[in-house]
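Data first, discussion second: the structure below is written as structure tokens.
Each value in this text was obtained by applying a stated rule to the coordinates, not by laboratory testing. Predicted model only: the values in this text are computed from it and were never measured. Cβ placement follows ideal geometry from the backbone for every residue including glycine, while neighbour counts extend to all protein chains displayed.
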Amino acid sequence: MAEFWAHSKNFQQRRHELGVHLRGTAGRARAFAEVFGAGALAFYLGLVHDVGKATRAWQVGLLRAEATNSRVLGVDGRGIDHKRAGTWLAARQAKLGVFAMVVWGHHGGLRDKQVLKDAVTQAERSNSAAMKEAVGNVVALVPEIEGVLPVVLPDWLTRDADGEAVELMVRMVFSAVVDADVIDTREHRTGQAPVEVQPLSSLVESFEANRSRYLAEQLRQWGSSPVDEVRARVYAQAVAAGSGAGEPGIYPFAAPTGAGKTIAAAGFGVYHARRRGLRRMIVAVPLTSITEQNAKVYRSLFGAENVLEHHSSVDVDGMADDRRRQHRLAVENWDAPVVVTTTVQLFESLFDCRPAAMRKLHRLAGAVIVLDEVQALPDAMLMPILTVLRHLVECFDTSVVLASATQPEYFALDIFRDVPAAPLITEPQQLFDELRRVRFEWRCRPKPSFAEIAEESADLRQVLLIVNTTRDAARLHRELSAVRGCGGPVLHLSTRMAGAHRRKVLKRINLRLRLGRAVAVVSTQLVEAGVDVDFPVVYRALAPAEALLQAAGRCNRHGVRSEGRVVVFEPADGDIRAAQLIYGSALDITRTQFGPGRELDQLDAMSRYYKTRYAVDGIENSTTAVRIRQLRREFNFTKVAELFTMIEERTVSVVVPYGDPAERRELLEELLAEGPVDPSVYRRLQPYTASLPRRLAARAVADGLTRVLVGDLYEWLGDYHRDRGIDYGTGDFIF
């Protein structure tokens, strides 16, 4: 054959030449991987990734697929392998070894080392004719693939490198090659090259101008606050730390709730980026609601065109066509100066094995990662997470900010003991003393009932009550609604409500607070990690110390009152068993270490609490942590992805009867129609979905209350309470 093609005809009726695609992919992969010193390695792997397409069988299959608008298949109706030849070429390079997995997995995903060995062995034994044909044909197009090439590797890889760091390098190179391959292919098909985005390092001046306007608008809306001067000092210290830090490192950011951490973290990020020439900042938060809140602030500070909000609820339908296309491309590979996402999205991508989930990983190199509300990272996955953060700092030129009002004691753990660290705030306890805006009251001995808590809070004009489970939230909401005596609504927040329902309630809460109107709110803990509400009185069911302090951050948040009240209570009729399952030993340690006269906002007390908790739980040598460490060193990517999960109990999405029934019905019809489903359908259904634990969803199916739509997406067939969402009366099915 005179010509070899990589892809079928595009919109201009032109096929993609194989040599052009290999060089295009290799060049882009090199540019992506240069950031972490692996440009030559990624270039070579990109150059050989599709060598297997240069066989007569594959080329004939391509032409047949082009004519029938189908997949590339052989005459026997089965797929034609095109990965093995490039994998074989990469595997025979003396230095590459396990990096040949990048080629083998560039479509199906990273597997494990044994799969790679089997693939290479089979290539050498039974497929030698196809190997010789493919390689011989491509040599004429790309002569440099022939022979053994001097692929230069980063120095640390050639020494006695940590096995988990090497495994992370495989992931990062894989990400660079996959992203380059997809971009090069898409450019052929659409004729549209990716839009060049500004680096974060160039945005300092516009950021400061926008920040001045943002603060002026906040002052106009809310008036001045005694906290403003403290926030200004926190911002100044963060900017000074960012401007002076010339090396990657871990930057603890301990500051009380309400001290302006969101804006200060942005200030650190943009000045640190200018100091070190960095392209982006990734901000990860534990909940979608906080993601939306922070993204709104960052759009004001950096400009909407420079901020990518990545989670399932993002609405792109209102965007212009070009903006919508750019947003979707950026979501796939995080090509934006500022990315606001969730910690689940960030870390599950880092431990995934699928190409689509991993395309964005190379963007973490040479970036600033801000982990907001870092105390919410799950203990069960803490060691794998801290290990990967350490290696990002030491091997990939990444800086990490750990932001929290309840700063965990990660540096007491062996994995972090000698990591370069520089706190953003020099005297954090002084800040906590200055911003002490609440008085704690303890109602744990004797334990009050929910009815008693409802009675004593019924006449409070503005009050927030936070409990540990959706069952308790529904129960307390009923009790308080029955006795509320001072007017104003009794509102409810939990994941049993549709996403749009929760957002509507939050807007209503903030409006009533801003106007000084009466309002009582019963919520699960989703309201406490970073959600910007400000009540004079907060009741919090007993929970781990960091949760109690986070709840206190919703009380007198802006310091406009002389003192707020936080009442910690242990409900006699609460779902104690569920709370113990959720929190484990942290609940017992909190009971032991805190109470009347043993306050929560002393940093040394919080440090003792975390150290005790880590020791009691044995998190450094937990079974899961040890197993993930072993599997990573064995390069078993599939098993790692199966074991690593940020959410202990998996939930499913349930479409509920909330919002526009006609639109919801139209979306469900589109979802259930025959043929492929547009992925945007799932996103457009998001406002109509609530969450249920998988086990309860299965029980609801058996009880005739739900039905399975597709995969893990269900439809709720029972009642939907106007305040509480999914709530099945007072019977057993309260959850």
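Things to note:
- On the basis of the beta-carbon distance and an R0 of 41 Å, SER622 and ALA129 show a calculated FRET efficiency of 0.25.
- Net +/- balance of residues flanking GLY246 in space, Cβ distance below 9 Å, scoring K and R +1, D and E -1: +1
- Quick note on segment 1-44: its Rg to Rh ratio, both from C-alpha atoms and Rh being the Kirkwood radius, is 1.16.
- For segment 651-726, taking Cα atoms only, Rg and Dmax work out to 12.1, 37 Å respectively.
- Across the chain, the longest run free of exposed loop sites, meaning GluC sites (Glu not before Pro) lying outside DSSP classes H, G, I, E and B with no more than 10 other Cβ atoms within 10 Å, spans 197-673.
- With the convex hull constructed from alpha-carbon coordinates only, segment 505-635 shows a mean projected area of 11.2 nm² over all directions.
- Backbone geometry of segment 101-106 corresponds, through the Karplus equation with coefficients 6.51, -1.76 and 1.60 at θ = phi - 60°, to 3J(HN,Hα) couplings of 4, 4, 6, 4, x, 5 Hz, x marking Gly and Pro.
- Temperature 4 °C, viscosity 1.567 mPa s: under these conditions the Stokes-Einstein estimate for segment 5-190, based on its Kirkwood radius over C-alpha pairs, is 77 µm² per second.
- Computed on segment 437-600, with alpha-carbon pairs under 8 angstrom and 6+ residues apart, the relative contact order is 33 percent.
- Antiparallel content of DSSP bridges confined to the chain, in %, to 5: 25 percent
- Cα centroids of segment 574-590 and segment 1-51: 54 Å apart.
- Computed log₁₀ I(q)/I(0) - Debye formula, equal Cα scatterers, no solvent, the chain, q 0.08 Å⁻¹: -0.70
- At most 14 other Cβ within 10 Å, DSSP loop - trypsin sites (Lys or Arg not before Pro), segment 16-84: ARG71, ARG78
- Links that overshoot a 23 Å alpha carbon limit, given the list LYS83/LYS117; LYS447/LYS611; LYS261/LYS296; LYS611/LYS639: LYS447/LYS611; LYS611/LYS639
- For segment 321-453, average projected area of the Cα convex hull in nm²: 13.8 nm²
- Computed from the Cβ-Cβ distance with R0 of 51 Å, the FRET efficiency linking ARG436 to GLU196 stands at 0.60.
- Cα-based radius of gyration of segment 437-600 once divided by 2.2 N^0.38 Å, which approximates compact folds: 0.96
- Of all aspartates and glutamates in the structure, those lying under 12 Å Cα to Cα from LYS507, and not within fewer than 8 positions of it along the same chain, are ASP532.
- Total formal charge among the other residues, if their Cβ is under 9 angstrom from that of ILE263, Lys/Arg +1 and Asp/Glu -1: +3
- A cut-off of 5 Å between modelled amide H atoms, ignoring neighbours fewer than 5 places along the same chain, links GLU441 with VAL566, VAL567, VAL568.
- The residues neighbouring GLY46, those whose beta-carbon lies less than 11 Å from its own, together hold a net charge of -1 under the Lys/Arg +1, Asp/Glu -1 convention.
- Calculated on alpha-carbon atoms, Rg and Dmax of segment 200-428 in Å: 16.9, 50
- Restriction of the trypsin sites (Lys or Arg not before Pro) in segment 384-445 to DSSP coil positions whose beta-carbon has at most 13 other beta-carbons within 10 angstrom yields ARG417.
- Estimated 222 nm signal from helices in the chain, with DSSP H stretches of n ≥ 4 weighted -39500 (n - 2.57), rounded to 500: -14500 deg cm²/dmol
- Taking label positions 7 Å along the Cα-Cβ direction at both ARG665 and VAL560, the computed distance is 4.4 nm, reported to one decimal.
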